[in-house]
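Structure first, commentary second.
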Amino acid sequence: TEDAAAPAQTDGFHLLIDALKLNGLNTIYGVPGIPITDLGRLAQAEGMRVISFRHEQHAGNAAAIAGFLTKKPGICLTVSAPGFLNGLTALANATTNCFPMILISGSSEREIVDLQQGDYEEMDQLAIAKPLCKAAFRVLHAEDIGIAVARAVRAALSGRPGGVYLDVPAKLLSQVIDADLGERSLVKVIDAAPAQIPGPDAVSRAIDVLKGAERPLIILGKGAAYAQADEAIRALIEESGIPYLPMSMAKGLLPDTHPQCASAARSLVLKDADVVVLIGARLNWLLSHGKGKSWGAPGSKRFIQIDIEPKEMDSNVEIAAPLVGDIGSCVEALLGHVSKDWKAPPSAWIETIEGKKNDNLAKMATKLGKNSIPMDFHSALGALKTIVKDRPDAILVNEGANTLDLARGIIDMYQPRKRLDVGTWGIMGIGMGFAIAAAIETGKPVLAVEGDSAFGFSGMEIETICRYQLPVCVVVFNNNGIYRGTDVNPTGGKDVATTVFVENARYDQMMAAFGGVGVNATTPDELSRAVAEAMDSGRPTLVNAVIDPAAGTESGNIGKLNPQSAVGKK
Ligand code: ADP
Ligand code: MG
């Protein structure tokens, strides 16, 4: 019975939902359970999109890549303790990759957790999350929810983007407060990622260094893709005439077929360039830390680095011209000078690159064109290359060892933010989470090219893909194992070798079990037909692409990172 005179009330559930919506956060990726089941239901009832997964890590990966694609923090919702820990892997990965994301997790009662009295799913989640993300907050009072969400949004988006943890104890959700008070407590974040304009001195210094270059090179990283400064970046490259190299998730910022794209001459340009402009790319392991054999003679390079994070400068080698600011503002500032007066790079440099590119592309073309049966990586990827060329607005998700390394080089991208992959850590397991969020956030068809091993980490989420009827086509490159399906353990042991799977597995039948389309493809033609049909119909599809089990190399391109035992070697 309602008392007509009593003021209207609200509670933690509704305030959290209202705070998210007020900040334009309308999608939640999560797994329901105690204590957040009703939060998800209520959010759905209040018009939010609530996508429920089979495992929190994939919901977290979905939120992370939603953040990359939209420049708004992706929201992941998990249950306490184990669910939280599963989501935390994705939160740490998002932070490492500079993707904005907020992990909201239910937690158990503070009083019991802090006295370690053994609650249901007891864990001091805030303390555990803290070192693995950009910021971590706990809310104890319903009237603080508005501020907490605002702080989380700002922390995720401002400066270098990253992951934020928001701890929501069960009791908070059911706390009741006056509806007026509740409404007034909400905060809409104004200008969450303010422009950061580089200093004029820093800009002139960079221009001076660049003008002194004989063999300049621009490297575009996924920070450049994230920044959505696509027009300015294209103008800088085209007006300066400088060759450029995209890192994997920056592919398509300009089409990979652009005449200035130096991807097919990567080793040459890294070795021989004298001035390198890094735009949203770190000199981490993916670029051999900016030194060593692949970078040519020691001391032969000068670096200009554009990054929003001042501490990134000199992280591995000296940066001659640090340009700290947001990529849009920094690139515009350089462009201001370049469009006024600029001399194109020496033609000898451009011609050397051109020659190398043509040689390498011709060699590659013969490998791709083969109609080999059983398929190898090249013939299968040759088929998929055409699929993407014909559908440049589709999104490509890619993980695996050989499947990743070879697809990155073979499949050209034509538009920004269309290639999503294993990122800074080079991890396996992002596949289905990324594919689901890509479909949800963009509405475009998604092609997920997966090694059979990589697929295993998130494969159960094909049920999620079928449940929401998402336009995702998964292609499993099935060579019966990790790296290869033919390995034996040279050091002995009585079980099957640690790197092989069940032979001739039919991953397509998993998809059929959930009502999706499953196809077994043994030739490039079959593969091509099945994928084209899936991409055009938008029906959830899994193609089991049968690859020669002997194809592939240990650890793909990064075998050198494997330590070897020198003791008792047979
Ligand atoms: P890749 O792996 O493609 O080389 P990284 O993840 O190593 O890319 O580098 C991305 C860089 O971009 C990070 O150092 C990050 O601080 C930076 N960054 C991200 N967003 C912006 C932005 N809007 N403006 C400037 N720098 C950014
Ligand atoms: Mg394999």
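Would you mind stating whether residue 446 is under 18 Å from residue 429 (Cβ atoms), in contact (Cβ under 8 Å) with a residue 12 or more places away in the chain, away from ligand 2 (no atom under 12 Å from the Cβ) and buried (at least 22 other Cβ atoms within 10 Å of the Cβ)? Quick ask: steps written out before the conclusion?
On the way: under 18 Å from residue 429 (Cβ atoms): yes; in contact (Cβ under 8 Å) with a residue 12 or more places away in the chain: yes; away from ligand 2 (no atom under 12 Å from the Cβ): yes; buried (at least 22 other Cβ atoms within 10 Å of the Cβ): yes.
Here the answer is yes, as residue 446 does meet what is asked.
Beta carbons closer than 6 Å, at least 6 apart along the sequence or on distinct chains, pair a first residue in segment 472-494 that is closer than 23 Å to residue 517 by Cβ and more than 16 Å from ligand 1 (Cβ to nearest atom) with a second that is of a type in the set (Phe, Trp, Tyr) and open to solvent by less than 20 Å² (accessible area, probe 1.4 Å) for 476/455. When each of 85, 42 is tested for being closer than 15 Å to residue 165 by Cα, open to solvent by 10 Å² or more (accessible area, probe 1.4 Å) and modelled with pLDDT of 95 or more, the lone residue that passes is 85. Being away from ligand 1 (no atom under 16 Å from the Cβ), over 20 Å from residue 76 (Cα atoms) and open to solvent by less than 50 Å² (accessible area, probe 1.4 Å) is a property that residue 213 has. In the set (1) within 23 Å of the chain's Cα centre (by Cα); (2) farther than 24 Å from residue 154 by Cα, residue 28 fails one condition alone, (2). Only one entry of 230, 201 meets the criterion of being within 14 Å of ligand 1 (Cβ to nearest atom), under 22 Å from residue 309 (Cβ atoms) and acidic (Asp, Glu), and that entry is 230. Within segment 435-462, being in a helix (DSSP H, G or I) and of a type in the set (A, V, I, L, M, F, W, C) holds for 435, 436, 437, 438, 439, 440, 454, 455, 457, 460, 462.
Could you tell me whether any residue of segment 152-169 is open to solvent by 20 Å² or more (accessible area, probe 1.4 Å) and either more than 16 Å from ligand 1 (Cβ to nearest atom) or within 30 Å of residue 272 (Cβ to Cβ) (or both)? Within segment 152-169 (the criterion being open to solvent by 20 Å² or more (accessible area, probe 1.4 Å) and either more than 16 Å from ligand 1 (Cβ to nearest atom) or within 30 Å of residue 272 (Cβ to Cβ) (or both)), the answer is no, since none of the residues qualifies.
Screening residue 342 with (1) open to solvent by 50 Å² or more (accessible area, probe 1.4 Å); (2) part of a helix (DSSP H, G or I); (3) touching a residue at least 12 places away in the same chain (Cβ under 8 Å) gives one miss only, at (2). Scanning segment 401-434 for residues that are within 16 Å of ligand 2 (Cβ to nearest atom), open to solvent by less than 30 Å² (accessible area, probe 1.4 Å) and assigned to a helix (DSSP H, G or I) yields 402, 403, 404, 405, 407, 431. Assessment of segment 246-261 against the conditions (open to solvent by 20 Å² or more (accessible area, probe 1.4 Å), away from ligand 1 (no atom under 11 Å from the Cβ) and closer than 12 Å to residue 331 by Cβ) yields no matching residue.
Given the criteria open to solvent by less than 60 Å² (accessible area, probe 1.4 Å) and away from ligand 2 (no atom under 16 Å from the Cβ), does residue 66 qualify? When the stated conditions are applied, residue 66 passes them. Figure legend. Inter-residue proximity from segment 273-286: first residues of a type in the set (Asp, Glu), second residues away from ligand 2 (no atom under 16 Å from the Cβ), beta-carbon distance below 7 Å, spacing 6+ or different chains. Indicated pairs: 274/213; 274/214; 274/215; 274/300; 274/301; 274/302.
Quick one: which helices (runs of 4 or more DSSP H) lie wholly within segment 74-155 and hold at least 1 residues that are touching a residue at least 60 places away in the same chain (Cβ under 8 Å) and within 21 Å of residue 30 (Cβ to Cβ)?
Fully inside segment 74-155 and qualifying: 82-97.
Scan segment 390-400 and tell me whether some residue there is more than 16 Å from ligand 1 (Cβ to nearest atom) and farther than 26 Å from residue 227 by Cβ. The answer is yes, given that some residue of segment 390-400 is more than 16 Å from ligand 1 (Cβ to nearest atom) and farther than 26 Å from residue 227 by Cβ. Screening residue 6 on (1) loosely packed, with under 15 Cβ neighbours inside 10 Å; (2) of a type in the set (A, V, I, L, M); (3) under 20 Å from the mean Cα position of the chain (by Cα) shows it passes everything except condition (3).
Would you check if there is a residue in segment 183-200 being among the hydrophobic types (A, V, I, L, M, F, W, C) and in a helix (DSSP H, G or I)? Before the answer, list the steps.
Going through segment 183-200, the residues among the hydrophobic types (A, V, I, L, M, F, W, C) turn out to be 186-187, 189-190, 192-193, 195, 197.
After this cut, where a residue has to be in a helix (DSSP H, G or I) as well, the list is none.
There is no residue in segment 183-200 that is among the hydrophobic types (A, V, I, L, M, F, W, C) and in a helix (DSSP H, G or I).
Would you say residue 51 is among the aliphatic types (A, V, I, L, M), open to solvent by less than 10 Å² (accessible area, probe 1.4 Å) and outside any helix (DSSP H, G or I)? So residue 51 fits the description; yes. Does segment 231-245 hold any residues that are assigned to a helix (DSSP H, G or I), in contact (Cβ under 8 Å) with a residue 40 or more places away in the chain and surrounded by fewer than 18 Cβ atoms within 10 Å (Cβ to Cβ), and which are they? 235, 239 - these are the residues of segment 231-245 that are assigned to a helix (DSSP H, G or I), in contact (Cβ under 8 Å) with a residue 40 or more places away in the chain and surrounded by fewer than 18 Cβ atoms within 10 Å (Cβ to Cβ).
Hey, among 529, 506, 539, which residue is among the basic types (Lys, Arg), more than 16 Å from ligand 1 (Cβ to nearest atom), under 18 Å from residue 387 (Cα atoms) and surrounded by fewer than 17 Cβ atoms within 10 Å (Cβ to Cβ)?
Going through 529, 506, 539 in turn, just one is among the basic types (Lys, Arg), more than 16 Å from ligand 1 (Cβ to nearest atom), under 18 Å from residue 387 (Cα atoms) and surrounded by fewer than 17 Cβ atoms within 10 Å (Cβ to Cβ): 529.
Right, residue 522: in contact with a Phe, Trp or Tyr (Cβ under 8 Å, 6 or more places away or on another chain), surrounded by fewer than 16 Cβ atoms within 10 Å (Cβ to Cβ) and not charged (D, E, K, R) or not?
Values: in contact with a Phe, Trp or Tyr (Cβ under 8 Å, 6 or more places away or on another chain): no; surrounded by fewer than 16 Cβ atoms within 10 Å (Cβ to Cβ): yes; not charged (D, E, K, R): yes.
Considered against the rule, which asks whether it is in contact with a Phe, Trp or Tyr (Cβ under 8 Å, 6 or more places away or on another chain), surrounded by fewer than 16 Cβ atoms within 10 Å (Cβ to Cβ) and not charged (D, E, K, R), residue 522 comes out as no.
Taken over segment 286-314, residues that are within 15 Å of ligand 1 (Cβ to nearest atom), polar (S, T, N, Q) and either in contact with a Gly (Cβ under 9 Å, 6 or more places away or on another chain) or more than 25 Å from residue 200 (Cα to Cα) (or both) amount to 2. For segment 190-216, the set of residues classified as over 18 Å from residue 332 (Cα atoms) and touching a Leu at 6+ places or on another chain (Cβ under 8 Å) consists of 192, 216, listed by residue number.
As a summary of the residue check, residue 531 satisfies the conditions (1) closer than 28 Å to residue 370 by Cβ; (2) without any contact (Cβ under 8 Å) to a residue 40 or more places away in the chain; (3) among the aliphatic types (A, V, I, L, M); (4) away from ligand 2 (no atom under 16 Å from the Cβ) except for the one numbered (2). Selection of segment 12-49 for residues being touching a residue at least 24 places away in the same chain (Cβ under 8 Å) and of a type in the set (Val, Ile, Thr) yields 17, 27, 28, 31, 34, 36.
Across segment 452-500, the number of residues qualifying as open to solvent by 40 Å² or more (accessible area, probe 1.4 Å) and either more than 9 Å from ligand 2 (Cβ to nearest atom) or within 19 Å of the chain's Cα centre (by Cα) (or both) comes to 16.
The values are calculated or read from the model by the stated rules, or taken from the named source; none is laboratory data. Predicted, not measured: the structure shown is a model, and the values here were computed from it. Cβ: placed from backbone, ideal geometry, glycine included. Neighbour counts: every protein chain shown. To get the accessible areas, we keep the full protein, side chains included, count just its heavy atoms, and leave off ligands, DNA and RNA. Shrake-Rupley method; radii C 1.70, N 1.55, O 1.52, S 1.80 Å.
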